[in-house]
Amino acid sequence: MLAAFAAEGYRQLAASVQEEIARSECESAADQLAAVGRGYVRFATAQPEYFEVMFRPDALDSQVVELIEAADAAYRLLVDTMARCEAEGCLAGRDPVVVGVAAWSLVHGLASLWLSGRLGERIPVSDPMELAAAVSDLFVSAVLRA
């Protein structure tokens, strides 16, 4: 039952990322990567119950086909974005897998910290999407070549 719940979370995550990419009308791979990050944080902060369960391997049966397919489809959005980054030459020779993992780690950590309430104690930003945009833009400008 939890695997089905997590699978639905992955489908909603993918939809959130796709909506953010479409809304942003990304002209470049760098723009698309920033949009992926914003979509990720938007999902996590809007659906914290799903987000928490999705990343609890100790509570999920990782062999459930529905879960595997949903998680893979969501991850494919990042992989495809990294392929676009590589095709556009903005990785400056960096491994697209490593850059993708770094980008994912950054927004996952941001979402987790936001949901824990720990960031609210330490920063003056009260909107997670404002922070997600700033962090995603910083990552893109620091790591990707224009």
Within the range 27-47, residues within 16 Å of the chain's Cα centre (by Cα) and farther than 19 Å from Asp127 by Cα come out as Ala29, Ala30, Asp31, Gln32, Leu33
State which residue pairs qualify: first residue in contact (Cβ under 8 Å) with a residue 40 or more places away in the chain and inside the range 77-95, second residue part of a loop (DSSP other than H, G, I, E, B) and surrounded by fewer than 16 Cβ atoms within 10 Å (Cβ to Cβ) in any location, beta carbons under 8 Å apart, and separation of 6 or more residues or different chains.
-> Glu88/Ser28; Gly89/Arg145; Cys90/Ser28; Cys90/Arg145; Cys90/Ala146; Leu91/Arg145; Ala92/Arg145
Tell me, please, whether a residue that is closer than 23 Å to Leu113 by Cβ, free of Cβ contacts under 8 Å to residues at least 60 places away in the same chain and outside any loop (DSSP other than H, G, I, E, B) can be found in the range 63-76.
-> yes
May I ask you to verify whether Ser136 is of a type in the set (S, T, N, Q), in a helix (DSSP H, G or I) and more than 16 Å from Ser28 (Cα to Cα)?
-> no
List the number of the failed condition for Val101; all other conditions in (1) over 11 Å from the mean Cα position of the chain (by Cα); (2) free of Cβ contacts under 8 Å to residues at least 24 places away in the same chain; (3) under 20 Å from Val143 (Cα atoms); (4) surrounded by fewer than 16 Cβ atoms within 10 Å (Cβ to Cβ) hold.
-> (1)
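No lab work stands behind these numbers, since they all come straight from the coordinates. From a predicted model like this one, the values you see are computed outputs, not experimental measurements. Methodologically, a virtual Cβ is constructed for each residue, glycine included, from the backbone with ideal geometry; neighbour enumeration extends over all protein chains shown.
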